[in-house]
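Okay, so here's the structure we're looking at.
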Amino acid sequence: MKNFTQFESLALGQELIDLAKSYKNDSRKDISKGIGKRVGCIFLNPSLRTRVSTQIAAQNLGMEPIVLNMDKEGWALEMKDGEVMNKGTVEHIKDAAGVLGTYFDVLAIRAFPTLTQKNEDTEDFVLNQFIRHSGIPIVSLESAIRHPLQSLADMITMKENTPSGKRPKVVLTWAPHIKAIPHAVANSFSEWALGMEYDLTITHPEGYELDEKFTKGATLEYDQSKALQDADFVYVKNWSSFNDYGKIHSTDPSWMLTEAHLSKAPDAKVMHCLPVRRNLELSDEILDSDRSLVQRQAENRIYAAQAVLSKIIG
Amino acid sequence: MKNFTQFESLALGQELIDLAKSYKNDSRKDISKGIGKRVGCIFLNPSLRTRVSTQIAAQNLGMEPIVLNMDKEGWALEMKDGEVMNKGTVEHIKDAAGVLGTYFDVLAIRAFPTLTQKNEDTEDFVLNQFIRHSGIPIVSLESAIRHPLQSLADMITMKENTPSGKRPKVVLTWAPHIKAIPHAVANSFSEWALGMEYDLTITHPEGYELDEKFTKGATLEYDQSKALQDADFVYVKNWSSFNDYGKIHSTDPSWMLTEAHLSKAPDAKVMHCLPVRRNLELSDEILDSDRSLVQRQAENRIYAAQAVLSKIIG
Amino acid sequence: MKNFTQFESLALGQELIDLAKSYKNDSRKDISKGIGKRVGCIFLNPSLRTRVSTQIAAQNLGMEPIVLNMDKEGWALEMKDGEVMNKGTVEHIKDAAGVLGTYFDVLAIRAFPTLTQKNEDTEDFVLNQFIRHSGIPIVSLESAIRHPLQSLADMITMKENTPSGKRPKVVLTWAPHIKAIPHAVANSFSEWALGMEYDLTITHPEGYELDEKFTKGATLEYDQSKALQDADFVYVKNWSSFNDYGKIHSTDPSWMLTEAHLSKAPDAKVMHCLPVRRNLELSDEILDSDRSLVQRQAENRIYAAQAVLSKIIG
């Protein structure tokens, strides 16, 4: 495995889940594996969980993580080739990525979409510029279109909460929000759930269809109540429109998941990648109940990142 | 000791002072004690000394410190239960503290008062929300009403500068400032000095009375010159009004401590928690003289934090 | 060697280059040398390469680096002695440097010039205040007038690319820019290239003469094309006027280095300290060609810093 930016195969997914679970059981068992190796964590956008869990994962392997909050530190990168750099950008991605490639053994990058330049976003332009120019392995800490470490943590969490032999019903449901939110978590969750051969239903108001590249094989059901019936796992997430790119079409509060929505799914576990806006996306009653797996998902971010870094450094 | 947020007892105070002094003598003697343990240092407000001294203290114990400048990183936490989060806050303290509780072994938190919401501040609302929701030991790096690591460092410094057998006269004197400053350092200094059984006099202009919860047992003297007479230690600090909450009543420059103020306290040592505004709170002549203990106090912040972390991780 | 702030001697320069090359060959050979020692990296201005390369250099020696982005963290220092601090500055350099001197074994400081206060800048006032008040060794991470770690990395890079026995022709050429840029890199490069006994020619439009303190011994040639003839190394850099302090006199695009400029220097290697504004200072064709040494210079920043820290901690 050179880069970790998306779902690759059922076999690799299973291997990473097993490795992550072994680290959860004994986090420092490979403490010597990464000695003398460095991971540079480049944030072009803010992060709490991702930053801390990646640092911890690296330290658990004996690696030295160094964080660069490029968004905060005012280091505006030029991403387009051939530009005359006589405006706001101070350094070209070619040069910055090249230097980082000589400083680190692995680069972990967070680069959100613009939500205005659809072509650039769907090509995952910024992430791919880092891959192109750094010359070293790249781990996505959420790109314009995918959030694979979150999805790996989600798969670990579902596995931990599934009786062996069962093929659970998984529902990804859209939730209201006040801001235009990227598609990365929803795309990746769908890509991984389908890749790991879960029975996946996606439900959202009309106009919120995700890019089919990620959802092919899932059942699409516009009636949320029908979709939720008999669900084992309900993944709650907002996203903006993909077809009418980056726009908010509905903030219909009836889509917020509450206990009443789960009357026909009595055993459903509820998931969210966090941060969650309480009582807008998801009700307090659910988040504070035993249904909620959100803290377990967050905890599993450490072991997902640790498995990925471990696999990359060999 | 689970949490470290305030003065607890003379016995514990003495134990922490002795432990801190032993670390000052040999900072790395417990370098293996914290191996594999992590302290998350959460700053809701800026910090220089506190951040660095806590990182060093943790490293001296073999712990891994990770700093989160939440104030700078734009991660606005919702503190109130039951809110519909459809405005500026992006994550609820319940969820954020819960996640941090799964990532770290100890959380160290800085959360200044609002100086406008008196009830919320005097309940130490934000600190207590972290205690309530993180599930792990909490160290205060200055809360709305207390700054116990500063006070512990101050007690170490006074102990180092007191001939054995003597009970020194300690004076806490208000000083002018141009901004509305919290009460935390003054409250804590009073609480600890009284708890450690020093003879404490507090002096300030009328209208600057501190919360009696912290000062009961001290002598209150409005005449600064009378208060300073025969002082062994003079602790200089500004604070805003507590009764007329968060307001500035006086900036009377005659309250700034100078050599002339100490004519009847020839041997007095002068203390300040830093940062100090020179020639506004305290004169250059004092800060640059042998009377000043401010650098020693700052240095002892390392060993105060190291003693506290050491005691918490057991 | 106590401080590292400028070129000292040919012998020391040679020793540092050799030590750096030995670390480049085996970066962790002195991994135990700095155990228990700390370097505080104080940034009064932004940094990417310098921050990361210094952290890595320290870690390669077993030292613990702690970064303080004082510019970002809103900790405005008062630099002038005797001021009444009743305005924007929150702490005096005397006190801040004194405390940092008790917390660290070495301080590494970045302090850019004002480009408006010529006397203060040319005295390197801020760096010297840290030297005066910290009481511990100081490493310059670029001061108002010098950038010695960059120059050391540049000398390593030239040495690596020079056939033994040859005395290469080195040209420092001014390049256009849209902002007023400090003189530090140009000054230091000249100081070190002359100190290491290279044959140095400096070329720039009239009005861009550097401070003679740094350039005495170099050939000054206003005709860029004449200067570049038979060059072995061409160092490209913008700077603002020194005589008409901090002003931009020319942004003449014909001074941007392109392949056409190097028609009479077919073997010239091209250098730049980065970040470089592509197609404003230097053309893509050069930066993307084998002529370019810019990635090697950046990589050598690690080993330059490692050699300096190693020498300082003895």
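The values are calculated or read from the model by the stated rules, or taken from the named source; none is laboratory data. The structure displayed is predicted, hence computed values, not measured ones. Glycine also receives a Cβ, built like all others from the backbone with ideal geometry; neighbour counts cover every protein chain displayed. SASA here: full protein model, heavy atoms, side chains in, ligands and nucleic acids out. Shrake-Rupley method; radii C 1.70, N 1.55, O 1.52, S 1.80 Å.
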| Any idea which residue in the range C:1-24 is modelled with the lowest pLDDT, counting only those that are of a type outside the set (A, V, I, L, M, F, W, C) and loosely packed, with under 14 Cβ neighbours inside 10 Å? | C:Lys2
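At pLDDT 95 or above, closer than 30 Å to C:Ile35 by Cα, in a loop (DSSP other than H, G, I, E, B) and among the hydroxyl-bearing types (Ser, Thr, Tyr): is that true of B:Ser27 in this structure? Steps first, answer last, please.
Values: at pLDDT 95 or above: yes; closer than 30 Å to C:Ile35 by Cα: yes; in a loop (DSSP other than H, G, I, E, B): yes; among the hydroxyl-bearing types (Ser, Thr, Tyr): yes.
The answer is yes for B:Ser27.
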| note | Taking first residues from the range A:150-176 that are farther than 30 Å from A:Ser254 by Cα and second residues anywhere that are in a loop (DSSP other than H, G, I, E, B) and at pLDDT 95 or above, the pairs with Cβ under 8 Å that are 6 or more apart or on different chains are A:Lys166/A:Asp232
| query | Of B:Met63, B:Met70, which residue is outside the structural domain of B:Val276 (by TED's automatic domain parsing), at pLDDT 95 or above and of a type outside the set (Phe, Trp, Tyr)? | reply | B:Met63
| note | Among (1) touching a residue at least 60 places away in the same chain (Cβ under 8 Å); (2) out of contact with any helix residue (DSSP H, G or I) (no Cβ under 6 Å at 6 or more places or on another chain), C:Thr54 falls short only on (2)
| query | Does any residue of the range A:111-133 turn out to be in contact with a Leu (Cβ under 6 Å, 6 or more places away or on another chain), touching a residue at least 24 places away in the same chain (Cβ under 8 Å) and not assigned by TED's automatic domain parsing to the domain that holds A:Met256? | reply | yes
| Unique match (being more than 21 Å from C:Thr54 (Cβ to Cβ) and within 19 Å of the chain's Cα centre (by Cα)) among A:Lys33, A:Lys21 | A:Lys21
| query | Has the range C:119-134 got any residue that is acidic (Asp, Glu) and farther than 26 Å from C:Val39 by Cβ? | reply | yes
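Only one residue in C:Thr122, C:Thr102, C:Thr116 is open to solvent by 30 Å² or more (accessible area, probe 1.4 Å), touching a helix residue (DSSP H, G or I) at 6+ places or on another chain (Cβ under 9 Å) and more than 8 Å from chain B (Cβ to nearest Cβ). Which one? Explain how you work it out, then say what you get.
Numbers: C:Thr102 fails: more than 8 Å from chain B (Cβ to nearest Cβ); C:Thr116 fails: touching a helix residue (DSSP H, G or I) at 6+ places or on another chain (Cβ under 9 Å).
After applying the criteria, what remains is C:Thr122.
Residues checked against (1) touching a Lys or Arg at 6+ places or on another chain (Cβ under 7 Å); (2) at pLDDT 95 or above; (3) at the interface with chain A (Cβ under 9 Å from one of its Cβ atoms); (4) open to solvent by 40 Å² or more (accessible area, probe 1.4 Å):
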residue: C:Leu262; (1), (2), (3), (4): no, yes, no, no
residue: C:Pro266; (1), (2), (3), (4): no, yes, no, yes
residue: C:Pro275; (1), (2), (3), (4): no, yes, yes, yes
residue: C:Arg278; (1), (2), (3), (4): no, yes, yes, no
residue: C:Glu281; (1), (2), (3), (4): no, yes, yes, no
residue: C:Asp290; (1), (2), (3), (4): no, yes, no, yes
residue: C:Arg296; (1), (2), (3), (4): no, yes, yes, yes
residue: C:Ile312; (1), (2), (3), (4): no, yes, no, no
| note | Among (1) outside any strand (DSSP E or B); (2) facing another protein chain (nearest Cβ under 9 Å), B:Ile66 falls short only on (1)
| remark: Sole miss for B:Asp124 among (1) charged (D, E, K, R); (2) modelled with pLDDT under 95; (3) over 25 Å from A:Pro65 (Cβ atoms) is condition (2)
| query | Just a yes or no: is a residue in the range C:27-43 touching a helix residue (DSSP H, G or I) at 6+ places or on another chain (Cβ under 7 Å), farther than 22 Å from C:Glu142 by Cα and open to solvent by less than 30 Å² (accessible area, probe 1.4 Å)? | reply | yes
| Can you name the residue in the range C:24-46 that is touching a Lys or Arg at 6+ places or on another chain (Cβ under 7 Å) and within 14 Å of chain A (Cβ to nearest Cβ) and, of all such residues, is farthest from C:Met158 (Cα to Cα)? | C:Leu44
| Looking only at residues in the range B:44-61 that are open to solvent by less than 20 Å² (accessible area, probe 1.4 Å) and in a loop (DSSP other than H, G, I, E, B), which one is farthest from C:Ile35 (Cα to Cα)? | B:Ser47
| query | Out of (1) in contact (Cβ under 8 Å) with a residue 24 or more places away in the chain; (2) of a type outside the set (S, T, N, Q); (3) within 10 Å of chain B (Cβ to nearest Cβ), what's the single condition that is false for C:Lys87? | reply | (1)
